[in-house]
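Report on one structure; see the data block that follows.
The values are calculated or read from the model by the stated rules, or taken from the named source; none is laboratory data. What you see is a predicted model, and the numbers here were worked out from it, not measured in a lab. Glycine also receives a Cβ, built like all others from the backbone with ideal geometry; neighbour counts cover every protein chain displayed. Just so you know, the surface numbers come from the protein's heavy atoms only, side chains and all, with ligands and any DNA or RNA stripped out. Shrake-Rupley method; radii C 1.70, N 1.55, O 1.52, S 1.80 Å.
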Amino acid sequence: MLMLDTCGRTAPSIRFVVGVLLLGVVASVLLVVALSPRNRSADGPVPAGPEHGFSVTRPTGTVLTDGFEVLYVEGEAPAVISDVELVNAEGFRLLGAMVAGADRKFDAVQLVDRWPPVADELDGVELIDAIGATLSPTSENERGWELFLGIEGDG
């Protein structure tokens, strides 16, 4: 039996619709697992996260906080941050770097329009200087450490 809707199109079968939805769910799960920062190899105790980014438009000279990265320490030993630098970031200057631990309310605060952010913008979470910070391993801090970068657009 051929069923037509009021516009003359053939109605899709329930099996087809369910199949397409199921395929979409499976593809989404596989993509999330493949891009998970815990599934990527690294030379040190903090693996590289998946490639990603975001875009905002601000005038030259704007100062902002990028809090988009969460660091996970593999293994059982803590890691110490010895340096933070911007790479391939022509037109930007790093003003500073801080980290927040598991006591933060949000997994990551992507953008704050100032540096450094004030406690109210982060629900009172305590930030510590990133350089020299000791990060406990993921086995002790499953939420990881959020890295906050102070950035100025100078070009």
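Scanning segment 132-155 for residues that are out of contact with any strand residue (DSSP E or B) (no Cβ under 7 Å at 6 or more places or on another chain) and under 13 Å from VAL99 (Cβ atoms) gives SER136, ASN141, ARG143.
Residues that are assigned to a loop (DSSP other than H, G, I, E, B), out of contact with any Gly (no Cβ under 9 Å at 6 or more places or on another chain) and open to solvent by less than 60 Å² (accessible area, probe 1.4 Å) within segment 101-122 comprise just one, ARG104.
In the set (1) hydrophobic (A, V, I, L, M, F, W, C); (2) open to solvent by less than 80 Å² (accessible area, probe 1.4 Å); (3) without any contact (Cβ under 8 Å) to a residue 24 or more places away in the chain, the condition left unmet by VAL84 is number (3).
Scanning segment 123-144 for residues that are open to solvent by less than 40 Å² (accessible area, probe 1.4 Å) and either farther than 14 Å from PHE68 by Cβ or modelled with pLDDT of 95 or more (or both) yields VAL125, LEU127, ALA130, ALA133, LEU135, SER136, PRO137, THR138, ASN141.
If you filter segment 44-66 down to residues that are charged (D, E, K, R) and surrounded by 11 or more Cβ atoms within 10 Å (Cβ to Cβ), you find that the one that is modelled with the lowest pLDDT is ARG58.
Could you list all residues from segment 145-155 that are over 14 Å from LEU71 (Cα atoms), of a type outside the set (Val, Ile, Thr) and open to solvent by less than 70 Å² (accessible area, probe 1.4 Å)?
So in segment 145-155, the residues over 14 Å from LEU71 (Cα atoms) come out as 150-155.
Remaining after also requiring of a type outside the set (Val, Ile, Thr): 150, 152-155.
Listed by number, the residues that qualify are GLY150, GLU152, GLY153.
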